[in-house]
Each structure stands twice: as structure tokens, then as C-alpha cells.
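Have a look at the structure below before the remarks.
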Amino acid sequence: MDKHTYIPDAFLDDVASYLPEHLQLQDFVAACQRPLKRAVRVNTLKMSVAAFRDYCADKQWHITAIPWCPEGFWLTRPQEEEQALPIGRTDIHLSGCIYVQEASSMLPPMALADALEGAETVLDMAAAPGSKTSQLVALLDNQGLLVANELSSSRLKALSATLKRVGARNVGLSHFDGAVFGDYMQESFDAILLDAPCSGEGTVRKDPDALKNWSLQSNIDISDVQKTLIKSAFHALKPGGTLVYSTCTLTPVENHAVCAYLLAQFPGLIEIEPLHGLFPDADKACTEHGYLHVWPQLFDSEGFFIARFKKLGSQSSSTPKTKKGRFPFTAMEKKAQQQLQQYVQQQFAMDKLAGRLMQRDKEVWLFPDIDDEQLFTAIKYSRIGIQIGTTHRNGVRLEHEFATCLGQYATRNTMALNPQQAQQYFHGQDIRLDEPSKHKGEVILTLNSAPVGLGKWQGQKIKNALARDLVMDGQLITWV
Ligand code: SAM
């Protein structure tokens, strides 16, 4: 029990005013004071759920399936291991095979999941640090274009690092107030997730100070931002498209009232899609409107709110805008493309790289392949797709992301790292081999069968190509 959790009386009075009749305030308070169970999501871009189950059995990690997400599990590690090695330093985490994500935070992407089938364009309007973006990328199986937007610069960096670790290659990263999408990218997206900035009332089990600055006025203030964002999301959505609105807060001011605002702004043009059938027991959290209001005591999780809408008809934004300024990318020259494809085929026995090969000065990028090219130029992106290489006199030098995002397609010149070699690799050292190797040139290194980076065969060692900013220190992977 965390009795240090700060729960102000004014907050409890407010909660009591909207707590559903079948729930008790003391159960809510008790749940807020219980520590949160750790949950992880298997990143199916790098590991199958079956392989994850085998890994856990082998390691004596205890897992329980999360009922609303086939890739989600509550996870307990043996105490000795838990104390000796943070989960972020285990091989399964370093290789991007799992993502630590609170169980209820897996709900909004699941609420959007069936709308992602066949979707070409998806927007995640408030995306950092990227738990839901990475879940969306996996659900999309890296296909189509997922625009992941974030307003805060420091959080954008965290989002970018998340996407690199999980092997995302279909993301356009942008750095705007989400309010711009309705004007600059009208009716552009098949599906939108607005996981809105909120007062975070549902997060006290993780952060005992989450309610330190709580006030009804701050709820009201933030709901103004949420209304602006949900209106922008409506305009950015294609007719027939699906919008999921979510928050990790409990107050109706930031939840039901924001949804009511959306419905009132666009009568007849948007309708609720009820979520009571999202998973067995979902009706326990379902409101009369069909929203999910997840109280922490219901499923032993954080508090969350999720609503799903379908756009029925068109209404253009009153202030449509077009981006000015030059697009800094050009298609890579045909001959250079062929050379690169040939090299990749020869060295790694990889098929043709799927996507558009683009260039910005010396950088070589692989953009997602989508029909509507205008989406690449409609706004300014911090990055699109992945940078797979840099040109130099004799061709293209491959970059780390080539390996982490495409390495799974290599069938030649790959090497599985053992725990000691993996430590050497992440510590930025060259990797020692038991015997000299006859191989030459570049090699893709794997851990738990997932690609983690590039090296170069050099006799009895592999030269480490890990960028300095990715080098880690301290205890990794093993703790004995
Ligand atoms: N979806 C994220 C995830 O699952 O990892 C969590 C998003 S968090 C609830 C809301 C995010 O919105 C914060 O990172 C915040 O910096 C960002 N934000 C705040 N105001 C914004 C705005 N006007 N437009 C876009 N993003 C905004």
C-alpha cells in the first residue's frame, strides 16, 4: 500500500459527485493506494506472442494475459532478478521485443484496431512517449503512413527513441500543436487516435504526486485544449473514418463533456460507436453512451477513458491552410537505387526494399509507400520513415536503422549474439568471436532473433558500428 499517495479532499468530493452508483468511494481510494502491477506488451514486429511465452517460461517469469490486448501481459519476475537488473536492461527489452506499458493504456489502440485493417493513413495526434504509437505501428504491421505528432520538444525526442527501438518504419514524425491538422490535413486520415493531454487523475497509482496540483479549474482549462484538438481531429478524419478519443483522467469535464462538444459541433456528421463489446467484461466499464470509463478498481489498472466515433459526413474547416516552403527530399536516382538494392541482395540476401527510396543531401531514406503522395508535403515532418544510409564516394553506407527495422529480412551475414557478446555490443565494444570468421563486410547482429544493429566482420572479431549516443554502460542482460 502506498499511503503516501496524495488524494486531496476536494478531488474526492468531485469524484463522489460522478461515481456510478454501483461503485464505492472507499474501493476507489484503496485502489489508488495500491501499487500498480507491471504490464508489458509484446512487440510483434520483433517477437511473436508464442516466442514471448516460451521466453518467460524459460526465465521463470510469471505472466497473466491482459483480457483486452492479445499482446499484453501482467508480468512478475523472480525477486532476485528484479532487484539485480531493471527490466529495461534485459535482453528482451534491449532488442525491442517488449514495451513496458500500463494495461489500461493498451485499450485506446485496441479500440481502433479493426479500423486499422486496410487503413492507409493514420494519425496519432498527441503521441509521446509513444506507447500507443508503437502499439499502432505493430497493429498496422508497419504498413501505410502513421503520422505521430507531439507538441513538446523534449517528449518528441523520447518518442523518436521509442520508434527506433521498436523497429517502426512507417511513421511520419511531426512537432505541432495538434490543432493544425484540421486545417492542413483535412479529411486525410482513415483513423485517428487522440490520446489527449489531460489532468492525469487516473495515474496516481504510478505517480503518488499526480494530484498535487489538482483543481476543478485546471480540469476546465485543459478541457478547452481537448475540445480544440477533438475538433481538429474531426476535420482531419476522412468521412467514414474512425476516431478514438482517450484520456488517463476520470473527470467528466475532460471526457464526456468533450465528447458531447464534438457531437454538438457536428450534428449528424459524427456518431458514437459503443465499446461494450471490446472485450469480455467491458460492459463493467461502459457508460450509458457506450464510452469506457475505466475506474482503477474495476480491472486493477490505472484509470482511463476511451470513446470511439465514426465520421458520417463532410464539413470543411473554416480555415483550410496549405504549407509553404520547399520539400527537402527527392527520389533517389534510379541507378543509385539499383546499386543499393544489389548490395543489399548480395550482402544480406534480402529482397527488394519495400518503400520509396528518397534522398536529402547525403542522407538516404526509406519512406512508406502510400498512394497519396501529397501527405508527405502537407506539413513539415521532423522525419518520415527511416534513414537507412548515407551516400559516400563508393556508394551507400548503411545506418543503424537499416538493421533494426529491416534486419529481419536478412538471410545471409547475420549473427545471433550470446549474452556476453550482446553486452559487448551495447557497451560499444568490438565483439569477440571464438574462431576467426571467413565472412567479409557488414553483418546484422540479432538478439532473441530480433535485429539490434550492424557490425563488420574482421577476422576474430566483429567491429562495432553502434552510434556513440546509443552506447550504454553498467549491468546489462545478465546479473550474475
Ligand atoms: N499517447 C501517448 C502515449 O501513449 O505514450 C501519451 C500522450 S499524453 C497523454 C499527451 C501528450 O500530448 C503529451 O506528450 C503532451 O506533451 C502532448 N500535448 C500537449 N498539448 C498538445 C497539443 N496541443 N498538441 C499535441 N500534443 C500535445
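At a glance:
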quantity	calculated
For the chain, calculated [θ]222 nm from helices alone, where every DSSP H run of n ≥ 4 adds -39500 (n - 2.57)	-8500 deg cm²/dmol
Burial order of peptide ranges 423-433, 76-86 (average beta-carbon count within 10 Å, highest first)	423-433, 76-86
Linear extension gain, residue 260 paired with residue 333, 0.36 nm per residue minus alpha-carbon span	21.1 nm
Radius of gyration, Dmax [the chain; alpha carbons; angstrom]	23.6, 73
Amide H contacts of residue 127 (H built 1.01 Å from N, under 5 Å, at least 5 apart or other chain)	149, 150, 151
Local electrostatic count at residue 369 - Lys and Arg +1, Asp and Glu -1, tallied over other residues with Cβ under 15 Å	-3
Distance in nm between pseudo-label sites at residue 345 and residue 13 (7 Å out along the Cβ direction from Cα)	7.4
Derived scalar couplings ³J(HN,Hα) [the stretch 435-442; Karplus, 6.51 cos²θ - 1.76 cosθ + 1.60; whole Hz; x for Gly, Pro]	10, x, 9, 8, 5, 10, x, 7
For residue 415, distant residues with modelled amide H under 5 Å away	444, 445, 446
Degrees, to the nearest 10: 153-166 long Cα axis against longest axis of the chain	60
Neighbour-count order for 55, 381, fewest beta carbons within 10 angstrom listed first	55, 381
Whole-number percent relative contact order across the chain, with pairs defined as alpha carbons under 8 Å at least 6 apart	15
Nearest-ten-degree value, helix 334-348 long axis tilted from longest Cα axis of the chain	80
Summed side-chain charge close to residue 8 - residues other than residue 8 whose Cβ falls under 14 Å, Lys, Arg +1, Asp, Glu -1	-4
Burial order of peptide ranges 353-361, 405-413 (average beta-carbon count within 10 Å, highest first)	405-413, 353-361
Degrees, to the nearest 10: 216-236 long Cα axis against longest axis of the chain	60
Neighbour-count ranking [beta-carbon atoms within 10 angstrom, fewest first] of 176, 304	176, 304
Relative exposure of 63, 230, 220, judged by other C-beta atoms within 10 Å (fewest first)	220, 63, 230
Lysines whose Cα lies under 19 Å from that of residue 440, excluding same-chain neighbours fewer than 8 positions away	456, 461, 463
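Every read-out reported here was derived from the displayed coordinates using simple, explicitly stated rules and does not represent laboratory data. Computed from a predicted structure; not experimentally measured. Virtual Cβ from ideal backbone geometry, glycine too; neighbours counted across all protein chains shown.
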